[in-house]
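Reading through the C-alpha coordinates given below for one structure.
The values are calculated or read from the model by the stated rules, or taken from the named source; none is laboratory data. Here the structure is a predicted model, which is why all the values come from computation and not from measurement. When we count neighbours, we look across all protein chains shown, and the Cβ atoms used for this are built from the backbone with ideal geometry, even at glycine. Side chains included, ligands, DNA and RNA excluded: accessible areas come from the protein's heavy atoms. Shrake-Rupley method; radii C 1.70, N 1.55, O 1.52, S 1.80 Å.
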Amino acid sequence: MEELKSFIRHVQDFPKKGIGFKDITTLLKEEPQFCRVIDLICEHFNNKKIDSVLGIEARGFIFAGAVAYKLKKGMIPVRKPGKLPAETIKEEYMLEYGTDAVEMHLDAVKSGSKVLIVDDLLATGGTVKATCNLIEKAGGIVQGIAFLIELDFLKGRDKLKDYDIFTLLHFESE
Ligand code: AMP
(Lines give C-alpha, C1' and ligand atoms only; values in the text may rest on other atoms or scores of the structure.)
Protein backbone atom coordinates (compact mmCIF):
# COMPACT_ATOMS: atom_id res chain seq x y z
CA MET A 1 0.00 0.00 0.00
CA GLU A 2 2.91 2.39 0.68
CA GLU A 3 3.78 2.14 -3.02
CA LEU A 4 0.21 3.02 -4.04
CA LYS A 5 0.26 5.90 -1.56
CA SER A 6 3.27 7.43 -3.28
CA PHE A 7 1.06 8.05 -6.36
CA ILE A 8 -1.21 10.47 -4.45
CA ARG A 9 -0.13 14.09 -4.90
CA HIS A 10 -0.55 16.43 -1.91
CA VAL A 11 -1.46 19.98 -2.97
CA GLN A 12 -1.37 22.46 -0.10
CA ASP A 13 -3.93 25.30 0.06
CA PHE A 14 -6.28 23.94 -2.64
CA PRO A 15 -9.11 24.81 -3.23
CA LYS A 16 -8.58 27.30 -0.39
CA LYS A 17 -5.97 28.22 2.21
CA GLY A 18 -5.48 25.65 4.95
CA ILE A 19 -6.70 22.63 2.96
CA GLY A 20 -4.27 19.85 2.10
CA PHE A 21 -5.81 18.43 -1.07
CA LYS A 22 -5.20 14.79 -2.01
CA ASP A 23 -4.90 14.74 -5.79
CA ILE A 24 -5.76 11.31 -7.23
CA THR A 25 -5.13 12.21 -10.89
CA THR A 26 -1.48 11.20 -10.44
CA LEU A 27 -2.63 7.67 -9.57
CA LEU A 28 -5.43 7.46 -12.15
CA LYS A 29 -3.13 8.11 -15.09
CA GLU A 30 -0.96 5.08 -14.24
CA GLU A 31 -2.61 1.94 -15.62
CA PRO A 32 -1.23 -0.64 -13.12
CA GLN A 33 -2.07 1.48 -10.07
CA PHE A 34 -5.60 2.39 -11.13
CA CYS A 35 -6.37 -1.25 -12.03
CA ARG A 36 -4.85 -2.44 -8.73
CA VAL A 37 -7.14 -0.13 -6.74
CA ILE A 38 -10.21 -1.50 -8.55
CA ASP A 39 -9.04 -5.13 -8.15
CA LEU A 40 -8.40 -4.70 -4.39
CA ILE A 41 -11.83 -3.16 -3.77
CA CYS A 42 -13.54 -5.92 -5.77
CA GLU A 43 -11.56 -8.67 -3.99
CA HIS A 44 -12.58 -7.28 -0.60
CA PHE A 45 -16.30 -7.30 -1.40
CA ASN A 46 -16.28 -10.41 -3.58
CA ASN A 47 -17.92 -12.67 -0.98
CA LYS A 48 -20.61 -10.19 0.01
CA LYS A 49 -23.93 -10.15 -1.79
CA ILE A 50 -24.13 -6.87 -3.71
CA ASP A 51 -26.93 -5.78 -6.05
CA SER A 52 -25.63 -2.36 -7.13
CA VAL A 53 -22.60 -0.12 -6.86
CA LEU A 54 -23.22 3.54 -6.01
CA GLY A 55 -20.82 6.39 -6.84
CA ILE A 56 -20.79 9.94 -5.46
CA GLU A 57 -20.17 12.93 -7.75
CA ALA A 58 -17.65 13.51 -9.14
CA ARG A 59 -14.50 11.52 -8.38
CA GLY A 60 -16.51 8.67 -6.88
CA PHE A 61 -17.94 8.01 -10.38
CA ILE A 62 -14.47 7.07 -11.66
CA PHE A 63 -14.03 4.27 -9.12
CA ALA A 64 -17.66 3.18 -8.80
CA GLY A 65 -18.05 2.76 -12.57
CA ALA A 66 -14.97 0.53 -12.80
CA VAL A 67 -15.97 -1.52 -9.70
CA ALA A 68 -19.52 -1.98 -11.08
CA TYR A 69 -18.09 -3.20 -14.39
CA LYS A 70 -15.76 -5.69 -12.71
CA LEU A 71 -18.43 -7.00 -10.29
CA LYS A 72 -20.94 -7.14 -13.19
CA LYS A 73 -23.44 -4.93 -11.35
CA GLY A 74 -25.37 -1.80 -12.23
CA MET A 75 -24.13 1.63 -11.13
CA ILE A 76 -26.15 4.33 -9.34
CA PRO A 77 -25.04 8.00 -9.40
CA VAL A 78 -25.54 10.27 -6.39
CA ARG A 79 -25.21 13.91 -7.44
CA LYS A 80 -25.15 17.47 -6.20
CA PRO A 81 -28.64 19.09 -6.20
CA GLY A 82 -30.30 19.94 -9.52
CA LYS A 83 -28.29 17.61 -11.77
CA LEU A 84 -30.55 14.53 -11.97
CA PRO A 85 -33.43 14.86 -14.48
CA ALA A 86 -36.21 12.68 -12.99
CA GLU A 87 -37.85 12.63 -9.55
CA THR A 88 -35.25 12.68 -6.77
CA ILE A 89 -34.86 12.31 -3.02
CA LYS A 90 -32.53 14.69 -1.21
CA GLU A 91 -30.45 14.62 1.97
CA GLU A 92 -28.82 17.70 3.49
CA TYR A 93 -25.71 17.65 5.65
CA MET A 94 -23.70 20.13 7.68
CA LEU A 95 -20.49 21.73 6.48
CA GLU A 96 -18.11 23.80 8.60
CA TYR A 97 -20.00 26.86 7.34
CA GLY A 98 -23.54 26.17 6.09
CA THR A 99 -25.01 23.05 4.53
CA ASP A 100 -24.70 20.98 1.38
CA ALA A 101 -26.89 18.25 -0.10
CA VAL A 102 -26.86 15.13 -2.25
CA GLU A 103 -29.61 13.74 -4.47
CA MET A 104 -30.51 10.36 -5.93
CA HIS A 105 -33.27 9.30 -8.31
CA LEU A 106 -36.31 8.05 -6.40
CA ASP A 107 -36.32 4.79 -8.37
CA ALA A 108 -32.54 4.19 -8.22
CA VAL A 109 -32.55 1.76 -5.28
CA LYS A 110 -35.15 -1.01 -4.98
CA SER A 111 -36.51 -1.90 -1.55
CA GLY A 112 -34.28 -4.53 0.08
CA SER A 113 -31.52 -4.08 -2.47
CA LYS A 114 -27.90 -4.31 -1.21
CA VAL A 115 -25.73 -1.37 -2.22
CA LEU A 116 -21.94 -0.93 -2.20
CA ILE A 117 -20.91 2.76 -1.97
CA VAL A 118 -17.57 3.65 -3.60
CA ASP A 119 -15.94 7.05 -3.18
CA ASP A 120 -12.48 8.50 -3.62
CA LEU A 121 -11.94 9.91 -0.14
CA LEU A 122 -13.35 9.94 3.38
CA ALA A 123 -12.79 13.29 5.09
CA THR A 124 -15.39 14.42 7.67
CA GLY A 125 -17.84 11.74 6.50
CA GLY A 126 -20.77 14.14 5.91
CA THR A 127 -21.23 13.28 2.24
CA VAL A 128 -21.14 9.53 2.71
CA LYS A 129 -23.39 9.59 5.78
CA ALA A 130 -25.97 11.60 3.80
CA THR A 131 -25.64 9.04 0.99
CA CYS A 132 -26.28 6.17 3.44
CA ASN A 133 -29.42 8.02 4.58
CA LEU A 134 -30.59 8.32 0.95
CA ILE A 135 -30.16 4.57 0.37
CA GLU A 136 -32.00 3.74 3.59
CA LYS A 137 -34.81 6.24 2.83
CA ALA A 138 -35.33 4.36 -0.44
CA GLY A 139 -35.53 1.05 1.50
CA GLY A 140 -32.09 -0.18 0.45
CA ILE A 141 -29.31 -1.71 2.57
CA VAL A 142 -25.78 -0.26 2.75
CA GLN A 143 -23.78 -3.46 2.28
CA GLY A 144 -20.39 -1.78 2.44
CA ILE A 145 -18.44 1.41 1.76
CA ALA A 146 -15.10 1.51 -0.09
CA PHE A 147 -12.69 4.45 -0.17
CA LEU A 148 -9.37 4.86 -1.90
CA ILE A 149 -8.24 7.35 0.79
CA GLU A 150 -9.21 8.03 4.41
CA LEU A 151 -8.03 11.12 6.28
CA ASP A 152 -7.93 9.43 9.70
CA PHE A 153 -7.38 12.68 11.61
CA LEU A 154 -10.80 14.04 10.52
CA LYS A 155 -12.53 11.05 12.15
CA GLY A 156 -15.18 10.64 9.43
CA ARG A 157 -15.40 6.96 10.42
CA ASP A 158 -17.09 7.99 13.70
CA LYS A 159 -20.17 9.03 11.67
CA LEU A 160 -20.27 5.63 9.93
CA LYS A 161 -20.15 3.24 12.90
CA ASP A 162 -22.97 1.02 11.61
CA TYR A 163 -21.26 0.19 8.33
CA ASP A 164 -18.57 -2.10 6.89
CA ILE A 165 -15.86 0.32 5.69
CA PHE A 166 -12.88 -0.67 3.54
CA THR A 167 -10.11 1.90 2.92
CA LEU A 168 -6.98 1.28 0.89
CA LEU A 169 -4.81 4.25 1.92
CA HIS A 170 -4.81 5.86 5.36
CA PHE A 171 -3.33 9.29 6.08
CA GLU A 172 -2.84 9.80 9.82
CA SER A 173 -1.92 13.47 9.56
CA GLU A 174 -1.98 16.25 6.93
P1 AMP B 1 -16.46 14.71 3.48
O2 AMP B 1 -17.95 14.87 3.32
O3 AMP B 1 -15.88 15.75 4.40
O4 AMP B 1 -16.08 13.30 3.91
O5 AMP B 1 -15.77 14.97 2.06
C6 AMP B 1 -16.35 14.45 0.93
C7 AMP B 1 -15.65 14.66 -0.38
O8 AMP B 1 -14.91 15.88 -0.44
C9 AMP B 1 -14.66 13.56 -0.68
O10 AMP B 1 -15.30 12.50 -1.34
C11 AMP B 1 -13.65 14.22 -1.57
O12 AMP B 1 -14.04 14.12 -2.93
C13 AMP B 1 -13.69 15.68 -1.14
N14 AMP B 1 -12.58 16.02 -0.22
C15 AMP B 1 -12.69 16.39 1.07
N16 AMP B 1 -11.48 16.67 1.60
C17 AMP B 1 -10.58 16.44 0.61
C18 AMP B 1 -9.14 16.52 0.53
N19 AMP B 1 -8.38 16.90 1.56
N20 AMP B 1 -8.55 16.19 -0.64
C21 AMP B 1 -9.30 15.81 -1.70
N22 AMP B 1 -10.64 15.72 -1.69
C23 AMP B 1 -11.28 16.02 -0.55
* Cβ charges +1 (Lys, Arg) and -1 (Asp, Glu), total dipole of the chain, debye -> 380 debye
* Between Arg59 and Phe166, what length comes free when the chain is fully extended (0.36 nm per residue of separation minus the Cα-Cα distance, one decimal in nm)? -> 36.8 nm
* Among Met94, Met75, Met1, Met104, what's the order by accessible area (1.4 angstrom probe), most exposed first? -> Met94, Met1, Met75, Met104
* Structure fact -> Sorted by chain and number, the residues with a modelled amide H under 5 Å from that of Ser113, at a separation of 5 or more or across chains, are Ile141
* Any idea of Arg79's accessible area? Nearest 10 Å², probe 1.4 Å. -> 60 Å²
* Asked: What's the FRET efficiency of Cys35 with Asp152 using the Cβ-Cβ distance as r and R₀ = 25 Å, to the nearest 0.05?
  -> 0.45
* Asked: Per the Kirkwood formula on distinct C-alpha pairs, the Rh of the chain is how many angstrom?
  -> 16.4 Å
* **Accessible area in the full protein assembly, largest first, 1.4 Å probe, for Glu31, Glu172** => Glu172, Glu31
* To do: State the answer as a single residue: which of Ser52, Ile38, Thr99 lies farthest towards the positive end of the charge dipole of the chain, with beta carbon charges of +1 for Lys and Arg and -1 for Asp and Glu, about the Cα centre.
  => Ser52
* How far is the Cα center of region 117-146 from the Cα center of region 74-94, in Å? -> 12 Å
* To do: Provide the per residue accessible area, probe 1.4 Å, for the chain, rounded to a whole number of square angstrom.
  => 53 Å²
* Asked: For region 1-87, which GluC sites (Glu not before Pro) are in a loop by DSSP, counting at most 13 other Cβ atoms within 10 Å?
  -> Glu30, Glu87
* Accessible surface of region 47-171, 1.4 Å probe, proportion on carbon and sulfur as whole % -> 51 percent
